[in-house]
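Notes follow once the structure below has been shown.
The values are calculated or read from the model by the stated rules, or taken from the named source; none is laboratory data. Here the structure is a predicted model, which is why all the values come from computation and not from measurement. Cβ coordinates were reconstructed from backbone atoms using ideal geometry, including for glycine residues, and neighbour counts include every protein chain displayed. These accessible areas exclude ligands, DNA and RNA; they are computed on the full protein's heavy atoms, side chains included. Shrake-Rupley method; radii C 1.70, N 1.55, O 1.52, S 1.80 Å.
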Amino acid sequence: LIPRISFQGHVIANEPCVAMLLSHVARAPPELNLAEVCHAAGANIVGLQVQSVARGRAIRGEIVGYAGRLGEGQLRDELLSLTSCLAVQETIASSSDNEPCWQVRI
């Protein structure tokens, strides 16, 4: 957890006050492969709410099923055809054939 502390000034009954907000942001370690964790969870992952931030906007969805491994059948080509974002295409093209892929309803 990474602590985040912020301060904001307020005037209450003509007296200056400072509000302090402490929150925490959870960051997964870089070696954690969330797709593998989800794959191990099997059907329990269906219904999980997910979010992706691309080009500065958030896209939200829900996992509805398991699509297979990226190298199976035409899955990689299908995913490449769904995006025009060069960074996403490069990520898909360079990912391992063993990368699990999930079906997400947006």
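Kindly provide the set of residues from the stretch 11-57 that are part of a strand (DSSP E or B), under 23 Å from Val104 (Cβ atoms), among the aliphatic types (A, V, I, L, M) and at pLDDT 85 or above, ordered by number. Val50, the sole residue that qualifies. Being within 18 Å of the chain's Cα centre (by Cα) and without any contact (Cβ under 8 Å) to a residue 24 or more places away in the chain is the filter; apply it to the stretch 51-81 and report the residue that is surrounded by the most Cβ atoms within 10 Å (Cβ to Cβ). Among them, the one singled out is Leu79. Among the residues of this structure, Ser96 does not count as one that is hydroxyl-bearing (Ser, Thr, Tyr), open to solvent by less than 80 Å² (accessible area, probe 1.4 Å) and under 30 Å from Ile5 (Cα atoms).
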